[in-house]
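Okay, so here's the structure we're looking at.
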Amino acid sequence: MKLKVRRTFIVVETKLMDAKDDRAQPPLRKVAAAAVLENPFAGRYIDDLQPLITASVELGEMLGDLAVRALDPYRAHSYGKAGIVGLNGEQEHANALLTTAFAEPVRKAIGGGKAWISSMTKIAAPGSIIDVPFNHKDAIYVRSHYDGMSLMIHDAPLPDEIVLILCLANRGRLNARVGGLRAEDVKGENGLI
C-alpha cells in the first residue's frame, strides 16, 4: 500500500531561558515534523491493519529526515510521536502507523535510540490539540527529558485524514532538578538505563 501524503508541517521552538534569568547553553530546541495523509481505511472496518504498518516505514523515513534537518545544528536526545485520526477513521489506524516499523527509520535518522518512543493517539476534528510526550532516546528513566509539545493543525485532520507527528528535542528541560538518572550517566544498553 502506498500512502498519499497531502501536506507536511515543521514546527520549531527554541527556549533560551526558563524560571532563572540565565541563558541556557545549549538552548532547548524542540521540533515537530507532521504529515497529513489520506486515511485509506476511513469509513470502513478493516480487520488486518498490516498494510498500514508496512507502509509506515516510508513515513518514518520522511518524518525522521524532516525532523533531523529542523533540529540542526543539534542532535536528538529525546523523542515522541503522535497521531490524530479524522472523524471517519479509528484510533487504531494511527496506532498501526506508529509501531516499530515506523520507529526504526526514525532511530536510524537520529543515529540510534534504545528506548521506546512515547506516543499519543486520538480521534479528533480539525484544529484539535494533541500533546506529544517526550522521553530520552536511550533510557526512559531520565526524568530531565520527560517533556512534550502541544500541537494543533488548524484545518487537519479532515474526516478522511490522519495527521502523524514526530517530535525531537536536543536536551532535557531547562533547569530540570527532580533527580533520577542523569543523561550523562545513561548506559544505553536496554532502553531503561
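Among the numbered conditions (1) surrounded by fewer than 17 Cβ atoms within 10 Å (Cβ to Cβ); (2) in a helix (DSSP H, G or I), the only one that G112 does not meet is (2). Taken over region 60-84, residues that are crowded, with 20+ Cβ neighbours inside 10 Å and either in contact with a Pro (Cβ under 8 Å, 6 or more places away or on another chain) or not in a helix (DSSP H, G or I) (or both) amount to 11.
Yes/no matrix, rows are residues, columns are (1) of a type in the set (D, E, K, R); (2) modelled with pLDDT of 95 or more; (3) touching a Gly at 6+ places or on another chain (Cβ under 7 Å); (4) more than 30 Å from G172 (Cβ to Cβ):
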site: T8; (1), (2), (3), (4): no, yes, no, no
site: L16; (1), (2), (3), (4): no, no, no, no
site: D22; (1), (2), (3), (4): yes, no, no, no
site: Y45; (1), (2), (3), (4): no, yes, no, yes
site: A70; (1), (2), (3), (4): no, yes, no, no
site: K81; (1), (2), (3), (4): yes, yes, no, no
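The residues listed here are R107, R173; of these, the one that is closer than 23 Å to R29 by Cα, crowded, with 18+ Cβ neighbours inside 10 Å and either of a type in the set (G, A, S) or in contact with a strand residue (DSSP E or B) (Cβ under 6 Å, 6 or more places away or on another chain) (or both) is R173. Scanning region 1-18 for residues that are part of a loop (DSSP other than H, G, I, E, B), more than 30 Å from T54 (Cβ to Cβ), touching a residue at least 24 places away in the same chain (Cβ under 8 Å) and not charged (D, E, K, R) yields a single hit, M17.
Candidates L166, L151: the one that is crowded, with 19+ Cβ neighbours inside 10 Å, touching a residue at least 24 places away in the same chain (Cβ under 8 Å) and touching a helix residue (DSSP H, G or I) at 6+ places or on another chain (Cβ under 6 Å) is L166.
Residue count for region 128-145, restricted to those that are out of contact with any strand residue (DSSP E or B) (no Cβ under 6 Å at 6 or more places or on another chain) and either crowded, with 23+ Cβ neighbours inside 10 Å or not polar (S, T, N, Q) (or both): 5.
Filter region 19-62 down to the residues that are among the basic types (K, R) and free of Cβ contacts under 8 Å to residues at least 40 places away in the same chain and list them by number. Explain how you work it out, then say what you get.
Pass one, region 19-62, residues among the basic types (K, R): 20, 23, 29-30, 44.
Passing the criteria: R23, R44.
Looking at region 148-188, which of its residues are under 16 Å from W116 (Cα atoms) and part of a loop (DSSP other than H, G, I, E, B)? If the condition is that a residue be under 16 Å from W116 (Cα atoms) and part of a loop (DSSP other than H, G, I, E, B), then V186, K187, G188 are the ones that fit.
The values are calculated or read from the model by the stated rules, or taken from the named source; none is laboratory data. The shown structure was predicted, so the numbers you read here are calculated from the model rather than taken from an experiment. Using ideal geometry, Cβ is built from the backbone for each residue, glycine included, and neighbour counts are taken over all protein chains shown.
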